[in-house]
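The values are calculated or read from the model by the stated rules, or taken from the named source; none is laboratory data. Keep in mind it's a predicted model, so treat the numbers as computed, not measured. Cβ placement follows ideal geometry from the backbone for every residue including glycine, while neighbour counts extend to all protein chains displayed.
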Ligand SMILES: Cc1cc2nc3c(=O)[nH]c(=O)nc-3n(C[C@H](O)[C@H](O)[C@H](O)COP(=O)(O)OP(=O)(O)OC[C@H]3O[C@@H](n4cnc5c(N)ncnc54)[C@H](O)[C@@H]3O)c2cc1C
């Protein structure tokens, strides 16, 4: 029995891992050069409380279930996850009514611990919040992750459990014969399969059309962000939301796992067929700063070390499309707008159960749910650092000064599958710090070239034609 999963974002990665619990051959197809290079690499990284989601929706169901699964998932897959809670801040009497509605809605769908606190109590917890804040909704279950960590860890664990990962492999057609899925055709050949899961993110509508389905209909909605340097990280202890608008949860202020401060996202509806429109704009960044300063007036945008944008695969129905379809063997995990990251573990569990029940396969006795992360030198005690260096002297050579990433970590990332600068960055945080790779890029290129046995000119940022080095300046 063979199952193909299309798309190695967080949704496809977790689905592939769940399927590896069963006696099936699982193939994960990804057109990019690495895991998590799509929507998963550019979002807020919030594991939501889910009180934003309407009762009776698939979003609410999978969000609540997924959020509750994250602590176990993080422990099994060894990625950082911090439940820091969130405050939704009210500035007007109308906002205060919205807080009460969000609390009631959250309680109806099973969100634990929601309480409304006064402006004074909010400022005691969050001293930098605006003096204009009148009240806040506190949601203690909200957490933060680095979203690519989740996908990378899930794929590593799935590979240990038999997953066949096909990177740089775009699915171009799905063969349906006699009303059921028989094979996927890719840029690297045709693979016979008994079932397919569409987890193609912004391209899920295109993949659905390959089997003749017209849903979901997606449109791209861009969100722009600013990432501020670590001194700004102390401006927020929790995730700070404004009262939501009709088309978004609003512009947030939140600390990141690494101790930086993230501002954003905006919500701009883009023309159809522009899923790759990830350029930032002056107007978008200005709006992100204004929105963030409304919550925390002293935020200093001069501490910005990076700006970026992500594009949401926004379904016109507003709803996730998850489950079997009327094409036998074709399953959807599509329309993965926010809170898709939060919902992903629950969607993965549900789909794996549906699929394996339909084809009646047993669980694998030998499935190992545990994965161990690459040692993080910067987080180790002096004693553990010296033990690591004694075992492998490359852990004694710092390559990224900002985040204190060693050559040992970079080599480990390459051994685990990193082939590009972004692949190294997402696995180790090298190049993610204040200088944004100004110091370490040349050194990482040299290590990649040495370890992969290729000339430095062949090293790419994230694949395709984005070379760093185009040739020699002197013969
Ligand atoms: C601005 C923004 C903020 C967000 N904030 C949050 C948040 O705080 N919390 C939260 O829970 N959610 C959030 N989300 C939503 C969350 O990021 C997404 O739901 C989630 O990342 C979607 O993951 P995915 O795996 O479905 O898509 P992707 O990560 O895009 O993965 C799909 C993959 O499929 C591949 N692919 C596409 N077509 C093909 C093909 N034909 N063949 C092979 N491969 C293919 C793509 O290359 C891609 O890698 C946010 C989203 C955005 C954009």
Could you grab me the full set of residues in segment 168-179 that are more than 7 Å from the ligand (Cβ to nearest atom) and buried (at least 20 other Cβ atoms within 10 Å of the Cβ)?
174
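Let's see how each residue does on (1) touching a residue at least 60 places away in the same chain (Cβ under 8 Å); (2) surrounded by fewer than 13 Cβ atoms within 10 Å (Cβ to Cβ); (3) part of a loop (DSSP other than H, G, I, E, B):
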| residue | (1), (2), (3) |
| --- | --- |
| 424 | no, no, no |
| 427 | yes, no, no |
| 451 | no, no, no |
| 465 | no, yes, yes |
| 470 | no, yes, yes |
Go through segment 369-394 and give me each residue that's touching a residue at least 60 places away in the same chain (Cβ under 8 Å) and exposed (fewer than 14 other Cβ atoms within 10 Å of the Cβ).
370, 372
Among the residues listed as 244, 271, 216, the single one being outside any helix (DSSP H, G or I) and under 30 Å from residue 177 (Cα atoms)
216
Kindly establish whether residue 310 is away from the ligand (no atom under 13 Å from the Cβ) and outside any helix (DSSP H, G or I).
no
Does residue 259 qualify as being surrounded by fewer than 16 Cβ atoms within 10 Å (Cβ to Cβ), part of a strand (DSSP E or B) and in contact (Cβ under 8 Å) with a residue 24 or more places away in the chain?
no
Of the conditions (1) within 14 Å of the ligand (Cβ to nearest atom); (2) part of a strand (DSSP E or B); (3) surrounded by fewer than 20 Cβ atoms within 10 Å (Cβ to Cβ), the single one that residue 182 does not satisfy is (1)
Boolean, residue 233 is away from the ligand (no atom under 11 Å from the Cβ), in contact with a strand residue (DSSP E or B) (Cβ under 6 Å, 6 or more places away or on another chain), outside any loop (DSSP other than H, G, I, E, B) and touching a residue at least 24 places away in the same chain (Cβ under 8 Å):
yes
So which residues in segment 323-343 are part of a strand (DSSP E or B), within 11 Å of the ligand (Cβ to nearest atom) and farther than 21 Å from residue 274 by Cα, if there are any at all?
332
Residues 366, 348, 352: which one is loosely packed, with under 15 Cβ neighbours inside 10 Å and either not assigned by TED's automatic domain parsing to the domain that holds residue 196 or not in a loop (DSSP other than H, G, I, E, B) (or both)?
366
Residue pairs, Cβ under 9 Å, 6 or more apart or interchain, first in segment 190-209 and at positive phi, second part of a helix (DSSP H, G or I). List them.
201/11; 201/12; 201/39; 201/40; 201/340
Give the residue, chosen from 72, 98, 57, that is under 21 Å from residue 253 (Cβ atoms) and either surrounded by 14 or more Cβ atoms within 10 Å (Cβ to Cβ) or modelled with pLDDT of 95 or more (or both).
98
Selected residue (only one of 60, 75 is away from the ligand (no atom under 12 Å from the Cβ) and free of Cβ contacts under 8 Å to residues at least 24 places away in the same chain):
75
Of 192, 220, which residue is more than 15 Å from the ligand (Cβ to nearest atom) and in contact with a strand residue (DSSP E or B) (Cβ under 7 Å, 6 or more places away or on another chain)?
192
Suppose the filter is on the phi < 0 side of the Ramachandran plot and touching a helix residue (DSSP H, G or I) at 6+ places or on another chain (Cβ under 7 Å); does residue 264 pass it?
no
Would you confirm, using the coordinates I've provided, whether residue 315 is touching a residue at least 24 places away in the same chain (Cβ under 8 Å), within 23 Å of residue 10 (Cα to Cα) and either surrounded by 22 or more Cβ atoms within 10 Å (Cβ to Cβ) or in contact with a strand residue (DSSP E or B) (Cβ under 8 Å, 6 or more places away or on another chain) (or both)?
yes
Flag if residue 280 is assigned to a loop (DSSP other than H, G, I, E, B) and closer than 16 Å to residue 220 by Cβ:
yes
Can you find a residue in segment 7-16 that is surrounded by fewer than 23 Cβ atoms within 10 Å (Cβ to Cβ) and either within 13 Å of the ligand (Cβ to nearest atom) or in the same structural domain as residue 330 (by TED's automatic domain parsing) (or both)?
no
Can you pull out every residue in segment 30-52 that is assigned to a loop (DSSP other than H, G, I, E, B), near the ligand (Cβ under 8 Å from one of its atoms) and at negative phi?
30, 31, 32, 35, 37, 38, 42, 43, 44, 48
